[in-house]
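What follows is a set of notes on a single structure, which appears directly below.
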Amino acid sequence: MAAGRGHFGSRLGFVLAAAGSAVGIGNIWKFPYMTGQNGGAAFLVLYLALTFTIGLSVMLAEFAIGSAAQRNPVGAFARLKGGLWPVVGALGLLAGFVILSFYGVVAGWTIAYVVKALTGALSSNDPEQLGGIFGEFISSPIEPVAYQALFMALTVGVVLGGVHDGIERWCKVLMPALFILLLVLIVRSLTLPGAEEGIAFYLKPDFSLVTAETFNGALAQAFFSLSLGMGAMITYGSYVRKEENLATSAIWVTGLDATVAILAGLLIMPAVFAFGFNPAEGPGLSFVTLPAVFSSMPFGEVFAALFFLLLSIAALTSAVSLLEVVVAYFVDERGFGRKKAATLFGFLIFLVGVPSSLSLGVWSDFTIAGKGFLDLMDFVATNLLLPLGGFFIALFVGWVIYPRAIEEVTNRGEIAFPAARLWGFVLRFVAPIAIAWILISGL
Ligand code: TRP
């Protein structure tokens, strides 16, 4: 065990940190609108099936790699096999850098919206007017960048504290806060008159709307939502104590992530239907439709502020894991101090994110392959780098280090792992084939 590498203090701390990584804007902002656009429950069922087969298997694979190597993603592949494999880790680092650059932009919006809700700037029940407010805000050159800077500073602040005193400590406070906020908001939403219609839409599957594209969307969403494919879970797995039960932890993290996604839909869909808005609204669902919904009910500003606070918290614990991957590499392999690595790379990632923010306003004319900078970054990372990373991670654990990985999962034979054969089968065949198909059809 490398001297000076941090460790999670407890099983709970590890599970909450990993769940903090997984539960993010992807669950609360993206999942409900994707469900809305893809026929409701049909998408939900598909998403859950993929999450608990391929997603869960790849998460356990990442934990096993990290736990076996006790290293950042690049160092982990180098230690366990070497050859060209560390390139997979390097691609992961790149993905983390890119994802955090635009993630910080959207996360900044969520903080801005807490402030706007509290100051009454969102008090309108006209989606068109709120759409105007949102459009004006995200296209302004200064305000969103300032909030992005604030969010990145918070992220750096948590990572500076280290694995135990920073990440674990904050996740142990923020994750329970997130669950409580979520439950409060769901109770509010489900008790609105007319909520049933939204629940029916959300929970009744219409498989006629499932196309190959739905499949793609569901798998990409599962990967992004579970923080898979770039080594975030390798990095967190490298901080667990050897006696940890990795399989149980992976089930917990996957279960919590899926639960929050489902609950986010239960929060949003009834409210949207109760006030007669369009569930297929797309990305505007959280920032445009929901404020309108909130404005139409008593104490709406408070509920709106709580909702965006929920999003900010979810975003922060996710961003922390993205920055930690980069920091772990420079600490493990390049001899950086944690403080220097966190501050320097937090700042660089912020700078790379600025064009993403500006691409929605003053730089909107600048496009590559028809996409603005933010969309391009999102596409390259989410649709290319993550599936590619997941593909190689599955192959690596399934074919290259499988016996070693089984040792890690069973703690050298001390705990039973009845799903070993199934896990191997999914990693060797199901996951690589499914991912390859998605990558190819996605291009
Ligand atoms: N899972 C987070 C979300 O749903 C985002 C995230 C954090 C992520 N770390 C990641 C995505 C690593 C992919 C890889 O918002």
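Quick one: is Leu60 over 22 Å from Thr343 (Cα atoms) and in contact with a Lys or Arg (Cβ under 6 Å, 6 or more places away or on another chain)? Spell out how you get there, then give the answer.
Values: over 22 Å from Thr343 (Cα atoms): yes; in contact with a Lys or Arg (Cβ under 6 Å, 6 or more places away or on another chain): no.
Spelling it out, it is not the case that Leu60 is over 22 Å from Thr343 (Cα atoms) and in contact with a Lys or Arg (Cβ under 6 Å, 6 or more places away or on another chain).
Within the bounds of the range 11-26, is there any residue that is crowded, with 24+ Cβ neighbours inside 10 Å and either touching a strand residue (DSSP E or B) at 6+ places or on another chain (Cβ under 9 Å) or of a type in the set (D, E, K, R) (or both)? No, the range 11-26 contains no residue that is crowded, with 24+ Cβ neighbours inside 10 Å and either touching a strand residue (DSSP E or B) at 6+ places or on another chain (Cβ under 9 Å) or of a type in the set (D, E, K, R) (or both).
So which residues in the range 52-77 are in a loop (DSSP other than H, G, I, E, B) and within 15 Å of the ligand (Cβ to nearest atom), if there are any at all?
Residues of the range 52-77 that are in a loop (DSSP other than H, G, I, E, B), as a first pass: 70-72.
If the condition is that a residue be in a loop (DSSP other than H, G, I, E, B) and within 15 Å of the ligand (Cβ to nearest atom), then Asn72 is the only one that fits.
What are the residues in the range 196-252 that are β-branched (Val, Ile, Thr) and under 24 Å from Gly9 (Cα atoms), if any? Of everything in the range 196-252, those that are β-branched (Val, Ile, Thr) and under 24 Å from Gly9 (Cα atoms) turn out to be Ile234, Thr235, Val240, Thr248, Ile251.
For Ala315, the conditions (1) under 18 Å from Ala149 (Cβ atoms); (2) surrounded by fewer than 18 Cβ atoms within 10 Å (Cβ to Cβ) all hold with the exception of (2).
Within the range 306-355, the set of residues being more than 20 Å from Ala76 (Cα to Cα) and not hydrophobic (A, V, I, L, M, F, W, C) comprises Ser312, Thr317, Ser318, Lys339, Lys340, Thr343, Gly346, Gly353, Pro355.
Go through the range 271-292 and give me each residue that's in a helix (DSSP H, G or I), among the aliphatic types (A, V, I, L, M) and touching a residue at least 40 places away in the same chain (Cβ under 8 Å).
Kept after step one, since they are in a helix (DSSP H, G or I), are these residues of the range 271-292: 271-274, 284-292.
Filter once more, keeping what is among the aliphatic types (A, V, I, L, M): 271-272, 274, 285, 288, 290, 292.
Answer for the range 271-292, where residues must be in a helix (DSSP H, G or I), among the aliphatic types (A, V, I, L, M) and touching a residue at least 40 places away in the same chain (Cβ under 8 Å): Ala271, Val272, Ala274, Leu285, Val288, Ala292.
Within the range 344-359, no residue satisfies the criterion of being part of a loop (DSSP other than H, G, I, E, B) and either touching a strand residue (DSSP E or B) at 6+ places or on another chain (Cβ under 6 Å) or not hydroxyl-bearing (Ser, Thr, Tyr) (or both). Check the range 185-202 and report whether any residue there is surrounded by 15 or more Cβ atoms within 10 Å (Cβ to Cβ) and farther than 27 Å from Gly276 by Cα. No, the conditions are met nowhere in the range 185-202. Number of residues in the range 5-42 that are over 19 Å from Glu243 (Cα atoms) and either among the small types (Gly, Ala, Ser) or within 16 Å of the ligand (Cβ to nearest atom) (or both): the value is 22.
This table checks each residue for (1) away from the ligand (no atom under 14 Å from the Cβ); (2) among the small types (Gly, Ala, Ser).
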| site | (1), (2) |
| --- | --- |
| Phe307 | yes, no |
| Ala314 | no, yes |
| Val327 | no, no |
| Leu344 | yes, no |
| Leu351 | yes, no |
| Gly370 | yes, yes |
| Leu374 | yes, no |
| Val380 | no, no |
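Restricting attention to the range 217-238, the residues that are part of a loop (DSSP other than H, G, I, E, B) and either surrounded by fewer than 24 Cβ atoms within 10 Å (Cβ to Cβ) or within 12 Å of the ligand (Cβ to nearest atom) (or both) total 6. With respect to Gly83, is the statement that it is among the small types (Gly, Ala, Ser) and outside any helix (DSSP H, G or I) true? Yes: the conditions hold for Gly83.
Screening Leu84, Leu94, Leu80 for residues that are within 16 Å of the ligand (Cβ to nearest atom) and at pLDDT 95 or above leaves exactly one candidate, Leu94.
Scanning the range 271-293 for any residue that is surrounded by 19 or more Cβ atoms within 10 Å (Cβ to Cβ), within 15 Å of the ligand (Cβ to nearest atom), closer than 13 Å to Ala22 by Cβ and not basic (Lys, Arg) turns up nothing.
For Leu48, are the conditions met, namely being touching a Lys or Arg at 6+ places or on another chain (Cβ under 7 Å) and within 16 Å of the ligand (Cβ to nearest atom)? Write out each step before concluding.
Details: touching a Lys or Arg at 6+ places or on another chain (Cβ under 7 Å): no; within 16 Å of the ligand (Cβ to nearest atom): yes.
Spelling it out, it is not the case that Leu48 is touching a Lys or Arg at 6+ places or on another chain (Cβ under 7 Å) and within 16 Å of the ligand (Cβ to nearest atom).
When you check Ala76 against the structure, is it under 20 Å from the mean Cα position of the chain (by Cα), surrounded by 24 or more Cβ atoms within 10 Å (Cβ to Cβ) and aliphatic (A, V, I, L, M), yes or no? Criteria not met by Ala76.
Scanning the range 152-184 for residues that are aliphatic (A, V, I, L, M), closer than 30 Å to Val293 by Cβ and surrounded by fewer than 17 Cβ atoms within 10 Å (Cβ to Cβ) gives Val173, Ala177, Ile180, Leu183, Val184.
The values are calculated or read from the model by the stated rules, or taken from the named source; none is laboratory data. No experiment lies behind these values; they were computed from the predicted model shown. Glycine gets a Cβ as well: all are built from the backbone with ideal geometry, and neighbour counts include every protein chain shown.
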